[in-house]
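The values are calculated or read from the model by the stated rules, or taken from the named source; none is laboratory data. Computed from a predicted model, the values in this text were never measured in an experiment. Cβ placement follows ideal geometry from the backbone for every residue including glycine, while neighbour counts extend to all protein chains displayed.
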Amino acid sequence: MKVPGFLQRRPVRLRLALVYSGLFLLAGTVLLAVTYILVADSLNAASTSAAVTRGTAAPTLAGAEFLRICKSGQALTPDQLQNCKQLAQEALASAAKAGAANARSQTLNHLLSISIATVALMALLSAVLGWLVAGRALRPVHAITAAARRASEENLGERIALAGPADELKELADTFDAMLARLEAAFASQRRFVANASHELRTPLTVMRTAIDVTLAKAERTPDQLEAMATEVRHAVERAEAMIEALLTLARSDRGPGSRSVLDVAVFAEDAIDAAGPAIRERSLQVTAALEPGITVGDPVLVERLVANLVDNAVRHNVPDGWIEVSTGSRGGMAFVSIANSGPVIEESEVPPLFEPFHRLYPHPGPDGTDGAGLGLSIVQSVAAAHHGHVSACPAPGGGLEILVVLPASG
């Protein structure tokens, strides 16, 4: 026999209604049992008292009748007469006790029947009321379920906005709304990232294709023209390669760190300064380094990229004859990397967007005459978040930027 789907699902509303009625039935049964016991004890005490009263003061008429019976056979002595009276009193007490027991039994049976019928009726009524109350209590859950079904990648603006007292269901609805808001922001950021990435990757390809088409369109191509075309194509390839490497690094950091090991950020900072040496000398930048050991646990590839991006950002967005200050160390159980550099004046409101992918503060080209990918600080923030650290930045006095990255000393 096929069971209806309604019973197969065993909805919460049905279970709550059954629990309500079951609890009421249990409480009613306990109350009935206590009432029955108390009434039974009360009737026992009353019948015993009545029997004792009647036994100690037997009616004179019954005694006289019993005496005539006793005299019907022969003359009775005073002792026999006393015995007859005693027998009459005992018979009367027994009859009174039997009558009291019968009345007690009828009273208890009547009480039990009425109580069982009342409890059964109230259990049925409690089941109906429990069904209605459970439906009203679960109404916010239905709203959350409907919102979850309506939500999709293209419809993440849906909100429950549950009104009412600050109970567990409202907390659940508010949490769901916050989750939808985070998902909406994440999908919007992802769409912007994909659009910007496709645009940035298309640009070097367009440059290469244009250079090749222009050179091939010439009837007579000289070696100098071919060499210039090859140089332009090479620069475009290097830009595309750097872009792809940055995108892969950002994607890897978003997935979280891979293999972990004990690291010293001071070593990475020293390597990054050495790697940026030609650009530093070309722009006549003054570098001050205070590299104390900063021990942390993390992915060496990602942490190395983090420090390298900080140094590269300080060099790229600097001014000729400017300065760079790099310091590392440990403080409060955390490893830190601090980099400050001179440069153009940056407003406080312009700092947060610097950590968004493909955001550039300056139009092409930048202060250094080149146009970066706009992913350096995005990678820094993503790597720090993947290692449960954080990044803070503020404008430097007189121009430039100060960035502090803090990483836990242990994974």
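Flag set for D177, criterion: modelled with pLDDT of 80 or more, closer than 30 Å to L14 by Cα and in a helix (DSSP H, G or I). Of the residues making up the stretch 389-409, those that are loosely packed, with under 14 Cβ neighbours inside 10 Å and part of a loop (DSSP other than H, G, I, E, B) are P397, G398.
In this entry, G333 passes the filter for residues that are surrounded by fewer than 16 Cβ atoms within 10 Å (Cβ to Cβ) and either within 17 Å of A384 (Cβ to Cβ) or in contact with an Asp or Glu (Cβ under 9 Å, 6 or more places away or on another chain) (or both). For the stretch 342-363, which positions are assigned to a loop (DSSP other than H, G, I, E, B) and of a type in the set (F, W, Y)? Once the filter is applied, which keeps residues that are assigned to a loop (DSSP other than H, G, I, E, B) and of a type in the set (F, W, Y), the stretch 342-363 yields F358, Y362. If I filter the stretch 160-171 down to residues being of a type outside the set (G, A, S) and in contact (Cβ under 8 Å) with a residue 24 or more places away in the chain, which single residue comes out as surrounded by the most Cβ atoms within 10 Å (Cβ to Cβ)? Looking at the filtered set, the residue picked out is L169. Per this entry, E270 is not counted among residues that are within 20 Å of L377 (Cβ to Cβ), surrounded by fewer than 20 Cβ atoms within 10 Å (Cβ to Cβ) and assigned by TED's automatic domain parsing to the domain that holds A384.
Taking V315 as the residue in question, decide whether it is aliphatic (A, V, I, L, M) and at pLDDT below 90. In short, no.
Would you point out the residue of the stretch 136-159, among those that are outside any loop (DSSP other than H, G, I, E, B) and buried (at least 16 other Cβ atoms within 10 Å of the Cβ), that is nearest to the chain's Cα centre (by Cα)? Taking the candidates together, the pick is I144.
Considering each residue of the stretch 283-294 in turn, at least one proves to be farther than 24 Å from A384 by Cα and of a type in the set (K, R).
Consider S113 carefully, then state whether it is at pLDDT 80 or above, of a type in the set (S, T, Y) and surrounded by 15 or more Cβ atoms within 10 Å (Cβ to Cβ). Against the criterion (at pLDDT 80 or above, of a type in the set (S, T, Y) and surrounded by 15 or more Cβ atoms within 10 Å (Cβ to Cβ)), S113 does not qualify.
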